[in-house]
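Visitor: Mind looking over this structure? Questions follow.
The values are calculated or read from the model by the stated rules, or taken from the named source; none is laboratory data. Because the structure is a prediction, the values reported are computed rather than measured. For neighbour counting, all protein chains shown are included, and Cβ atoms are generated from backbone atoms with ideal geometry for every residue, glycine included. The area values use the complete protein model at the heavy-atom level, side chains included, leaving out ligands, DNA and RNA. Shrake-Rupley method; radii C 1.70, N 1.55, O 1.52, S 1.80 Å.
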Amino acid sequence: NVAGYPFVGADVGGFFGNPSVELLTRWYQAAIFQPFLRGHAHIDTKRREPWLFGEEATANIREALVLRYQLLPYLYTLFYEASVDNSPVMRPLWYEFPEDSAQHSNQKEFLVGPALLSSPVLESGESTHYTTLPGKEVWYNYHTLTQHEATSSLSTIVKMSTMPLFIRGGSIVPIKKRLRRSSELMAGDPYTLIVATNSKGEAVGRAYNDDTKTFNYQKGDMMYREIKLSNNQLTNRVISGSYASPEVERIVLLGSGKHTATLNGKPLTVSYDKSKRVLTIKKPGVTLSSEWTILLE
């Protein structure tokens, strides 16, 4: 990735040999965050479809693949940006945190774009997993939405279903939550925006979309937007393109001390989890195609 070839990844389970149930499961859980993902092996290896490894392994691998599909809007944005400025999709920690010399040799974790940190379980039989959360800002557990301070050793009790993934404070990640049989069937599904605030209550992210089939994006038939939270205002700004996008059905603000939201002076439907400091805005009535500002109070 850092050499300018973004679409790379390993054959899940390895090209040669026959992986154990544990190895195949953990391999999928790591590989879903790599740019190129495929299950593939030599013709002389045993068949390794997930459903051949038992119900538990099938469920865990399926959960990993579902997460991959949820993240496709974010991954598609990263691939667009890679096509423009060669920024890597999969990044070593030193790429985003060059001042932290301790991360220059970290080979066990990696970033997906600037916003997500994957800390895959790599040891057989591991029950307690340790993750480095670099920098000086807060991080959020993607699955539980729990906030964590930056640390060199965050411990997590792991099961075979555990996929340690963290959202960097100050980031906004577009995802889609509807479960479909293919990415093509997700095209019209609504977005969810995960807004992970930093210590200043700010965050920024981008979202890209096009028809995913033609080269019409080169003629401007695409959508590239910046979503930004600053001064208690969440704004969507046009960077380029006018491609129509599905609606935003949910905005989830992590680390938020605000309890209400309004759009053009009208209150929006919200729920607030006081224990986690998570504000969820439901069906705000906006799309990523148009510009808008939501006021938080």
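Visitor: How much accessible surface area, in Å² rounded to 10, belongs to the heavy atoms of Tyr130 with a 1.4 Å probe?
Guide: The value for Tyr130 is about 130 Å².
Visitor: State the label only: which of (1) 19.6, 65; (2) 26.4, 80; (3) 22.9, 85 corresponds to Rg and Dmax of the Cα atoms in Å computed from the shown model?
Guide: (1)
Visitor: If I compute solvent accessible area with a 1.4 Å probe over the protein chains, what percent of it on the chain is carbon and sulfur?
Guide: Working: 7710 of 14940 Å².
Ligands and nucleic acids excluded, carbon and sulfur give 52 percent.
Visitor: Per residue of the stretch 12-22, what does 6.51 cos²θ - 1.76 cosθ + 1.60 with θ = phi - 60° give for ³J(HN,Hα)? Whole Hz please, x for Gly and Pro, Karplus curve as stated.
Guide: Going residue by residue, I get 5, x, x, 6, 10, x, 10, x, 6, 4, 5 Hz, with x marking Gly and Pro.
Visitor: Still on this structure, please answer the following. Can you order the peptides 274-284, 174-184 by their average number of other Cβ atoms within 10 Å per residue, highest first?
Guide: Per-residue mean Cβ counts within 10 Å order the peptides as 274-284, 174-184.
Visitor: Just check the stretch 172-242 against the gyration tensor rule for me: Cα atoms, a ≥ b ≥ c as the square roots of the eigenvalues, rounded for a/c under 1.5, and otherwise prolate or oblate depending on whether a/b exceeds b/c.
Guide: In terms of gyration-tensor shape, oblate.
Visitor: Also: Out of every Cα-Cα pair in the stretch 157-284, what percent are more than 17 Å apart?
Guide: Across the stretch 157-284, Cα pairs with separations above 17 Å total 65 percent.
Visitor: Shifting gears a bit: Might you report the magnitude of the Cβ-based charge dipole of the chain about its Cα centre, with Lys and Arg at +1 and Asp and Glu at -1, to the nearest 20 debye?
Guide: That gives the chain a dipole magnitude of about 720 debye.
Visitor: Set the bar at 24 Å for Cα to Cα. Now go through Lys136/Lys283; Lys176/Lys266; Lys177/Lys228; Lys177/Lys282 and name every pair that lies beyond it. Walk me through the numbers on the way to the answer.
Guide: Values: Lys136/Lys283 33 Å; Lys176/Lys266 26 Å; Lys177/Lys228 21 Å; Lys177/Lys282 13 Å.
Cα-Cα > 24 Å for Lys136/Lys283; Lys176/Lys266; rest within.
Visitor: Multiplying the sequence separation of Ser199 and Ala102 by 0.36 nm and subtracting their Cα-Cα distance, what value in nm do you get?
Guide: Separation in residues times 0.36 nm, less the Cα-Cα distance, equals 32.6 nm.
Visitor: Still on this structure: Please give the calculated 222 nm ellipticity per residue for the chain, where each DSSP H segment of at least 4 residues contributes -39500 (n - 2.57) and the sum is spread over every residue; nearest 500 deg cm²/dmol?
Guide: After summing the helix terms and dividing by the residues of the chain, the value is -4500 deg cm²/dmol.
Visitor: Top mean-square fluctuation among Ala59, Ala82, Ala115, Gaussian network model of the chain, C-alpha springs under 10 Å?
Guide: Ala59
Visitor: Just to be sure I follow: if Rg is taken over the C-alpha atoms of the stretch 14-117 and Rh is the Kirkwood radius over the same atoms, what is Rg/Rh?
Guide: My calculation of the ratio gives 1.03.
Visitor: Sticking with this structure for a sec: Using each residue's phi in the stretch 63-68, evaluate 6.51 cos²θ - 1.76 cosθ + 1.60 at θ = phi - 60° and report the 3J(HN,Hα) Karplus result to the nearest Hz, with x for Gly and Pro.
Guide: Running phi through 6.51 cos²θ - 1.76 cosθ + 1.60 with θ = phi - 60° gives 4, 5, 5, 4, 4, 4 Hz.
Visitor: Taking square-rooted eigenvalues a ≥ b ≥ c of the alpha carbon gyration tensor, is the stretch 66-149 rounded, prolate or oblate, where a/c under 1.5 means rounded and, failing that, a/b exceeding b/c means prolate? Mind dumping the intermediate values first?
Guide: On the way: a/c = 1.62, a/b = 1.23, b/c = 1.31.
Oblate is the answer for the stretch 66-149, as a/c is 1.5 or above yet b/c matches or exceeds a/b.
Visitor: Could you quote the convex hull projected area for the stretch 92-241, Cα atoms only and averaged over all directions, in nm²?
Guide: 11.2
Visitor: Can you work out ³J(HN,Hα) from phi for every residue in the stretch 124-137, in order, using Karplus 6.51 cos²θ - 1.76 cosθ + 1.60 and θ = phi - 60°, giving whole Hz and x for Gly and Pro?
Guide: Karplus values, whole Hz, x for Gly and Pro: 5, x, 5, 10, 10, 10, 10, 10, 8, 10, x, x, 10, 9.
Visitor: For Asp211 and Val158 in the same chain, what is the full-extension length gain: residue separation times 0.36 nm, less their Cα-Cα distance, in nm?
Guide: 15.2 nm
Visitor: Let me ask something else. For the stretch 1-107, what is the charge dipole size about the Cα centre, in debye to the nearest 20, if Lys and Arg each add +1 at the Cβ and Asp and Glu each add -1 at the Cβ?
Guide: 380
Visitor: If you don't mind, another one. What does a probe at Glu56 reach in the stretch 1-40, counting residues whose amide N is under 17 Å from the point 7 Å along Cα→Cβ?
Guide: Answer for this model: 20-29.
Visitor: Once you have the Kirkwood Rh of the stretch 218-297 from its Cα pairs, apply Stokes-Einstein at 10 °C and 1.306 mPa s and quote D in µm²/s.
Guide: 119
Visitor: Modelling each spin label as a point 7 Å along the Cα-to-Cβ direction, I'd like the Val21/Tyr130 distance in nm, to one decimal.
Guide: 2.9
Visitor: Here's another thing I want to ask about it. Taking amide H positions as placed 1.01 Å from N in the peptide plane, with prolines and chain starts having none, which residues 5 or more places from Thr151, or on another chain, fall under 5 Å of its amide H?
Guide: Close amide H contacts, sequence-distant or interchain: Leu133.
Visitor: Compare Asp100, Asp210 by solvent-accessible area with a 1.4 Å probe and give them largest first, with all protein chains kept in place.
Guide: Asp100, Asp210
Visitor: Using the heavy atoms of the protein chains alone and a 1.4 angstrom probe, what is the accessible area of the stretch 1-147 per residue in square angstrom?
Guide: Averaged over the residues of the stretch 1-147, the accessible area is 50 Å².
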